[in-house]
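In what follows, a single structure is set out as structure tokens and then discussed.
The values are calculated or read from the model by the stated rules, or taken from the named source; none is laboratory data. Bear in mind that the values here come from a model prediction, so they are computed numbers and not experimental data. All Cβ positions, glycine included, derive from the backbone under ideal geometry; neighbour counts span all protein chains shown. Remember, those area values only see protein heavy atoms, side chains included, never the ligands or the DNA or RNA. Shrake-Rupley method; radii C 1.70, N 1.55, O 1.52, S 1.80 Å.
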Amino acid sequence: MDIAMSQLAKQGPRLTAPSRFLQKLILSFIGCTMGMAGFGIWLVSSVSGDPVMLLIKLGLSLFMLIVGLCCMLVARS
């Protein structure tokens, strides 16, 4: 029983064009939203300089920016 490599490659599921477009649209929207939220944390602030809260804000905003950039990069590929 010989199975050619081309037969194995053809068996995988393929995305159709509309679902790929929708996936790119959703990932781009999530990426932009996360990026804006990362900057928005610093613009809308009610913390009066508490060092612990500033560290939490920094970590959260960096996380949002990194996740947003990853979503936008995945959407472009």
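Could you list, in sequence order, the residues of the range 44-54 that are surrounded by 10 or more Cβ atoms within 10 Å (Cβ to Cβ) and in a helix (DSSP H, G or I)? Steps first, answer last, please.
The initial filter retains those residues of the range 44-54 that are surrounded by 10 or more Cβ atoms within 10 Å (Cβ to Cβ), namely 45, 47, 50, 53-54.
Scanning the range 44-54 gives MET53, LEU54.
Looking at ILE30, ILE41 in this structure, which one is at pLDDT below 90, open to solvent by less than 90 Å² (accessible area, probe 1.4 Å) and either part of a helix (DSSP H, G or I) or out of contact with any Ser or Thr (no Cβ under 7 Å at 6 or more places or on another chain) (or both)?
Working: ILE30 fails: at pLDDT below 90.
Within the list ILE30, ILE41, the selection yields ILE41.
Taking the range 55-77 as the region of interest, how many residues are more than 19 Å from the chain's Cα centre (by Cα) and surrounded by 14 or more Cβ atoms within 10 Å (Cβ to Cβ)?
So the first thing to find is which residues in the range 55-77 are more than 19 Å from the chain's Cα centre (by Cα), and the list is 55-57.
Remaining after also requiring surrounded by 14 or more Cβ atoms within 10 Å (Cβ to Cβ): 57.
Looking only at that region, the number is 1.
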